[in-house]
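The values are calculated or read from the model by the stated rules, or taken from the named source; none is laboratory data. Source: prediction; values computed, not measured. With ideal geometry, Cβ positions are generated from the backbone for all residues, glycine too; neighbour counts draw on all protein chains shown. Ligands, DNA and RNA are stripped out before the accessible areas are found, and what is left, the full protein with its side chains, is counted by its heavy atoms. Shrake-Rupley method; radii C 1.70, N 1.55, O 1.52, S 1.80 Å.
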Amino acid sequence: MTRSFTYQALPMRVVFGAGVLAKLPDEVAALGLSRVLVLCSPEQEETGQRVAAALGERCAGVLAEARMHVPVEVARRARDLADELGADGCVAVGGGSAVGLGKAIALEHDLPIIAVPTTYAGSEMTPVWGLTEDGEKRTGRDARVLPRSVLYDPEMTLGLPARMSATSGMNAIAHAVEGLYAPDATPIISLMAEEGARALAAALPRVVADGSDLDARAEAQYGAWLCGAVLAATTMSLHHKLCHTLGGTLDLPHAQTHTVVLPHALAFNQPAAPGAVAALSRALGGARDPARELWELADRLGAPRSLAELGMAEADISRIADLAVAKPYANPRPVTRDGVESLLRAAWAGAPPSPIEPDQEERT
Ligand code: NAD
């Protein structure tokens, strides 16, 4: 087919490297900010306070209340505090939860965000926000929530435990996988997706073996940056739909759910996405069956491989399958109720993903 695409670049400023946290005061000053609110999760309050101390007078306060999926009550408190302190910007230090809280403030108060990511989730690269009320998560896109500046300092990821590093990294790879077969995939984004998956797949075993290996941490974070940029630029498909449904309905943990579902969702889509299979095969060291390779990688990383071990009851499989097909996301392979149920059953049990078909192998 003749090449045809539309590509819209997003403004992003990235400062990358070990020790770049020291440049945070300059980044704050460059944006003309003088009273920023530092946001972090309760578990990372010490880190938040350290960042606040480094900012000195330019910091108006610290709010250590970020939580997964941004509950509206927390978002309201954060907005009120920003008002009360006369904050003119936010510095989000942490994973997707801290960045998500900054986005919730930006959405209403239009305050610029500077992000200092400490996981591989990638939210800092996207204009996507999320808010959860009464157990229901609403999401949307808004240019105002895209961080103005992102400081990727691998030293900030040294404290991320091995298991969380593994699942967070697999969460990032999931963005690359779905970006490769997205309806709005573009050549530049596909290059980023392939390179992001390659960097993470190579780095994660080293990170898990030795969490203090700064080179491995830097390589993983480089991959996470690329995968986050892919997430921002493309429309996600069945895999993300399943994870959103599982997370929203059963409150399963975000990164772990991505890790378990990814090989199965990819196995389902592989027959309809030969270009993605070829790119992932290159990224994963020539793997014949990328879905199987990711399933084995999860095992090597000591990451969970079954939804049962994440606490999902077998009886919920059918309900999740119904919900996932009710309002399906765009997908390279037509989504059927039976297909989704059987992939969920395999993911629930921790069984291997369905193997790549021989005729598919010939095409890639
Ligand atoms: P998280 O931000 O919830 O962090 C998980 C836990 O790990 C927290 O307790 C946190 O304090 C801790 N932690 C983080 N970094 C650490 C470090 N370096 N050392 C020690 N502890 C650390 O988890 P996450 O997976 O990064 O983010 C998940 C959330 O982000 C979800 O709500 C998800 O929906 C959202 N998300 C949004 C987007 C988007 O584009 N909007 C993209 C990805 C994820």
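Can you give the local net charge around residue 155? Use residues other than it whose beta-carbon is closer than 13 angstrom to its beta-carbon, Lys and Arg +1, Asp and Glu -1. Neighbourhood net charge equals 0.
Of 133, 57, 84, which has the most accessible area and how do the rest follow, probe 1.4 Å? Write down the numbers at each step before the final one.
On the way: 133 75, 57 175, 84 145 Å².
In descending accessible area the options line up as 57, 84, 133.
Residue-normalised convex hull volume from the C-alpha trace of region 13-157: 90 Å³ per residue. Computed over protein heavy atoms with a 1.4 Å probe, the accessible surface of region 13-157 works out to 41 Å² per residue. In this simple spin-label approximation, residue 22 and residue 210 carry label points 7 Å from Cα along the Cα→Cβ vector, and these lie 2.4 nm apart. Residues in region 162-363 average 36 Å² of solvent-accessible surface per residue, probe 1.4 Å, ligands and nucleic acids excluded.
Taking only the C-alpha atoms of the chain, Rg followed by Dmax gives 19.8, 64 Å.
Counting only protein heavy atoms, what percent of the accessible surface of the chain is carbon or sulfur at a 1.4 Å probe?
Numbers: 7580 of 14910 Å².
Answer for the chain is 51 percent, counting heavy atoms of protein chains only.
For every other residue with a beta carbon closer than 11 angstrom to the beta carbon of residue 227, add +1 if it is Lys or Arg and -1 if Asp or Glu, then tell me the sum. Mind showing how you got there, number by number?
Details: positive: 198; negative: 178, 194, 195.
Within the 11 Å Cβ shell, the charges total -2.
Under 18 Å from a point placed 7 Å out from the Cα of residue 2 along the Cα-to-Cβ direction: which residues of region 182-204 have their backbone N that close? Those under the cut-off are 187. The aspartates and glutamates within cross-link reach of residue 103, meaning a Cα-to-Cα straight distance under 13 Å and a gap of 8 or more places when in the same chain, are 124, 142. Derived from the Cα gyration tensor, the three semi-axes of the equivalent ellipsoid of region 129-226 are 25, 19, 14 Å, largest first.
Which length gain, in nm to one decimal place, applies between residue 250 and residue 30 when the Cα-Cα distance is subtracted from 0.36 nm times their residue separation? The partial results should precede the final answer.
Working: separation 220, 0.36 × 220 = 79.20 nm, distance 4.29 nm.
Once the chain is fully extended between residue 250 and residue 30, it gains 74.9 nm.
Diffusion coefficient of region 19-68 by Stokes-Einstein, Kirkwood radius over Cα pairs, 37 °C, 0.692 mPa s: 296 µm²/s.
Using alpha carbon centroids, what distance separates region 31-49 and region 324-350, in Å? If we compute the Cα centre of each part, the gap is 40 Å.
In terms of overall dimensions, region 162-363 has a Cα radius of gyration and Dmax of 15.5, 45 angstrom.
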